[in-house]
Amino acid sequence: TIETSMSIITIQVGQCGNQIGDSFFQQLIQNVQDSCPNSIGGTYQNVCSPYIREKVIDTFFDRHSSFGALGGGGKDKITAKAILLDMEPKVVQMCLEQRKHDSSHHSPWAYDPSLAYFKQGGSGNNWALGYQYLGDNEYSDVSSRLQ
């Protein structure tokens with residue numbers, strides 16, 4: 001039988017969306033790691049069920065050769081299928097940097113920085129400003145990341 005795999009792309013918008021999205025991807029990896037009580041090293045390559053591991057990774061993550069070949073001792077990373085959007089840089093940069101430098105927790109995943117979009121200004125908690133003014137001005141840049 002031919003088995004098809006479904007991909008899911010998350011769009012993380014604003015401070016809350018980016019924080020929840022970051023926790024979501026971290027929890028996915030943690031659940032895969034915890035599915036094997038004998039997991040050593042805390043990397044996704046060490047779980048007991050290769051089928052479940054591969055389904056989760058293929059559905060929610062991309063494998064990129066820029067991070068090296070998978071199976072290389074837990075140093076390799078996969079990228080979350082996520083687009084990070086915010087009118088302020090703080091949370092998006094935190095998400096990008098946290099995964100980039102998370103060697104103490106052996107995080108096997110990261111975000112693709114080319115799929116992150118933020119501005120230096122922000123909307124100052126004014127939804128109407130972001131929607132009416134900034135949204136129109138940033139539409140082409142944001143839509144290019146969605147394609």
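The values are calculated or read from the model by the stated rules, or taken from the named source; none is laboratory data. The structure displayed is predicted, hence computed values, not measured ones. Glycine also receives a Cβ, built like all others from the backbone with ideal geometry; neighbour counts cover every protein chain displayed. The protein model used for the area step is the full one, side chains on, heavy atoms only, and it has no ligands, DNA or RNA in it. Shrake-Rupley method; radii C 1.70, N 1.55, O 1.52, S 1.80 Å.
In table form, for the structure just shown:
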item	result
Residue satisfying condition, being in contact with a strand residue (DSSP E or B) (Cβ under 8 Å, 6 or more places away or on another chain), surrounded by 11 or more Cβ atoms within 10 Å (Cβ to Cβ) and modelled with pLDDT under 70, within set L85, L70	L70
Pairs, first more than 12 Å from A82 (Cβ to Cβ) and among the hydrophobic types (A, V, I, L, M, F, W, C) in the stretch 15-30, second open to solvent by less than 70 Å² (accessible area, probe 1.4 Å) and part of a helix (DSSP H, G or I), C-beta under 8 Å, six or more apart	I29/Y44
Evaluation of K100 against (1) open to solvent by less than 70 Å² (accessible area, probe 1.4 Å); (2) among the charged types (D, E, K, R); (3) modelled with pLDDT under 85; (4) in contact with a helix residue (DSSP H, G or I) (Cβ under 9 Å, 6 or more places away or on another chain) (one fails), failing number	(1)
